[in-house]
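Participant: Okay, handing you the structure first.
The values are calculated or read from the model by the stated rules, or taken from the named source; none is laboratory data. Not measured: the values here are computed from a predicted model. For neighbour counting, all protein chains shown are included, and Cβ atoms are generated from backbone atoms with ideal geometry for every residue, glycine included. Ligands, DNA and RNA are stripped out before the accessible areas are found, and what is left, the full protein with its side chains, is counted by its heavy atoms. Shrake-Rupley method; radii C 1.70, N 1.55, O 1.52, S 1.80 Å.
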Amino acid sequence: MRKRGLGPLTYGSVVQPWGRGAAAGGFVFLSGIDGVTDEQGRPVHGVAAQTKVTLDRVRALLADAGAGMDDIVQLDQYVADPAERMDYMRARDAWLSQHAPRLLDERSYASLLIFPGLATPAMRVEIRAVAYLG
């Protein structure tokens with residue numbers, strides 16, 4: 001399978017300056033996904049709320065590409081502030097327990113990185129995902 005772009009990324013009616021990602025060789029590679037705004041373009045405040053929005057988007061984007069959360073083979077998770085790491089992990093694990101319990105049980109996803117230089121000061125979380133389609 002040749003590489004194909006997954007198209008533009010939109011949050012509500014706003015087209016983001018980066019795309020959804022690409023699919024190639026049986027894999028889906030999602031671009032960095034965030035939860036700074038909801039689908040109506042309203043700001044989302046706090047690491048826990050942004051985590052939920054971000055993971056909802058990751059799940060939807062994977063589904064659009066023909067994959068699911070259980071197909072994830074790599075999850076790069078970026079948190080802006082080390083003081084928010086535990087809040088992020090609690091929110092992530094609560095979301096995964098509802099929407100991807102197998103992935104939570106496997107603990108096969110990869111990195112949690114502290115990265116203060118996310119795209120904007122309001123951004124608390126960014127996630128990139130790689131899923132295997134087979």
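Participant: Select from the range 20-73 the residues that are aliphatic (A, V, I, L, M) and farther than 22 Å from residue 3 by Cβ and write down the one among them that is surrounded by the fewest Cβ atoms within 10 Å (Cβ to Cβ). Explain how you work it out, then say what you get.
Facilitator: As a first pass, look at the range 20-73 and keep what is aliphatic (A, V, I, L, M): 22-24, 28, 30, 33, 36, 44, 47-49, 53, 55, 58, 60-63, 65, 67, 69, 72-73.
Going one step further and asking which of them are farther than 22 Å from residue 3 by Cβ, we end up with 36, 44, 47-49, 53, 55, 69.
Numbers: 36: 20, 44: 20, 47: 23, 48: 18, 49: 16, 53: 19, 55: 26, 69: 22.
If we take residues in the range 20-73 being aliphatic (A, V, I, L, M) and farther than 22 Å from residue 3 by Cβ, then 49 is surrounded by the fewest Cβ atoms within 10 Å (Cβ to Cβ).
Participant: Okay, moving on. For the structure I just gave you, tell me whether residue 9 is within 16 Å of residue 109 (Cβ to Cβ) and outside any loop (DSSP other than H, G, I, E, B).
Facilitator: It is false that residue 9 is within 16 Å of residue 109 (Cβ to Cβ) and outside any loop (DSSP other than H, G, I, E, B).
Participant: Could you figure out which of (1) buried (at least 20 other Cβ atoms within 10 Å of the Cβ); (2) touching a residue at least 40 places away in the same chain (Cβ under 8 Å) isn't true of residue 109?
Facilitator: Against the list (1) buried (at least 20 other Cβ atoms within 10 Å of the Cβ); (2) touching a residue at least 40 places away in the same chain (Cβ under 8 Å), residue 109 comes up short only on (2).
Participant: When residues of the range 1-47 are filtered for being at pLDDT 85 or above, of a type in the set (Val, Ile, Thr) and closer than 24 Å to residue 80 by Cα, how many remain?
Facilitator: The qualifying residues number 5.
Participant: Also: Restricted to the range 117-134, and to residues that are more than 16 Å from residue 35 (Cα to Cα) and open to solvent by 60 Å² or more (accessible area, probe 1.4 Å), which residue is modelled with the lowest pLDDT?
Facilitator: 134
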